[in-house]
Every structure is written in C-alpha cells, then in structure tokens.
Amino acid sequence: MSLGDSFPDDIKKKFAERNINLGNALLIHIPEFSITYEKYIIIVSTCGNKVELAYVVINSDPICNPHLKALNVEIDKDSHSFLAKDSYVDCSKIREFPIQYVIDFLTHNPERAVGNVSDEILKKIHVTLTTSKTIDRLTKVKYGFLN
C-alpha cells in the first residue's frame, strides 16, 4: 500500500487531471504495442475538445531506419531523473490516448506520473513533429502542430 492509497478518490482524480499537461512524462502500458512492459511517454498536446491527448514514445535506442533517423530527439538522463540512461524520443508518429483513460490510469497509479521534460527538449520535439513528413496533416492540425 502506498501513501497515495490513503487519499480520497476526488483528490486522486484532481492529481491525475493536473498531470494531463504538455511535457508531462508518464510510465504507461501502450495497448497497441506488442510488448509486455510499460513505456515512457511524453504528452505533447490535447485536442480542442479535450477528449484525446497526443503523445510520443521514449525509446532507449534510436530509430535505425535511415529515413527516420532525423526524427529521433535525444533526451538526457542528467536532466530527466526518471530515465535510467540517455534515450530517444520517437517523433515519427503522434500517438493518441483518450484523456479519460489516462486520468483513470493515473488515479489508480499516481506514481506513474514521473515528471516533466525540459523546455529545451519539448521545443525540439515540437519542431520535429511539426516538420515530420511521416505524420499526416490532419493529425498535425488536430493537435495544433499546423494551422
């Protein structure tokens, strides 16, 4: 039992809602991945109706495909204490979660809100997502990466 278990549900829910923010990093299972462990993700946007959020995935190794190599944003462990080693943000794809899914997850797993990425890294991610040729225009518009 953790300290968070002793808080009332409304306080846990408010904590979860506060962690749906640009640049917040979470450790979460990604259902569409065929792996059994959780991955670190970074919230990069919410859609206008606040129903879905956009995120990118942190990988321990860079994408090796030469056509996608420029879509890696290096993230250092010295500035991001939740990381065990220097890693790479995969900006080749914007992924989506329903916001309510993440709120429910964090309400029951508050320790999985692991911190924020630095402003410098967040800016690099934003530029890389905006200029990426692998992300369709509609997705970019939906999440504010294009007008």
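Computed from the coordinates by the stated procedures, all read-outs in this text should not be read as laboratory data. Small disclaimer: the values here were computed from a predicted structure and weren't measured. Neighbour counts are summed over all protein chains in view; Cβ atoms, including those assigned to glycine, are modelled from backbone coordinates with ideal geometry.
List of remarks:
- Where trypsin sites (Lys or Arg not before Pro) in DSSP loops with at most 14 other Cβ within 10 Å are excluded, longest remaining stretch of the chain: 1-49
- Based on every Cα atom in the chain, Rg and the maximum pairwise Cα distance Dmax equal 15.4, 50 Å.
- With at most 13 other Cβ atoms within 10 Å, longest stretch of the chain clear of loop chymotrypsin sites (Phe, Trp or Tyr not before Pro) (DSSP): 38-147
- Relative contact order %, the stretch 46-127, counting alpha carbon pairs below 8 Å whose residues are six or more apart: 33 percent
- Each of residue 7 and residue 138 was given a label point 7 Å from its Cα along the Cα-to-Cβ line. The distance between the two points is 3.8 nm.
- Put a dot 7 Å past the Cα of residue 35, heading toward its Cβ, do the same for residue 14, and the two dots end up 3.5 nm apart.
- In this label model, residue 64 and residue 130 are separated by 3.3 nm, measuring between points 7 Å along each Cα→Cβ vector.
- Cα-centre dipole for the chain with unit charges at Cβ (Lys and Arg positive, Asp and Glu negative), debye to 20: 500 debye
- Dividing the helix sum by the residues of the chain, where each DSSP H run of 4 or more adds -39500 (n - 2.57), gives a mean residue ellipticity at 222 nm of -7500 deg cm²/dmol.
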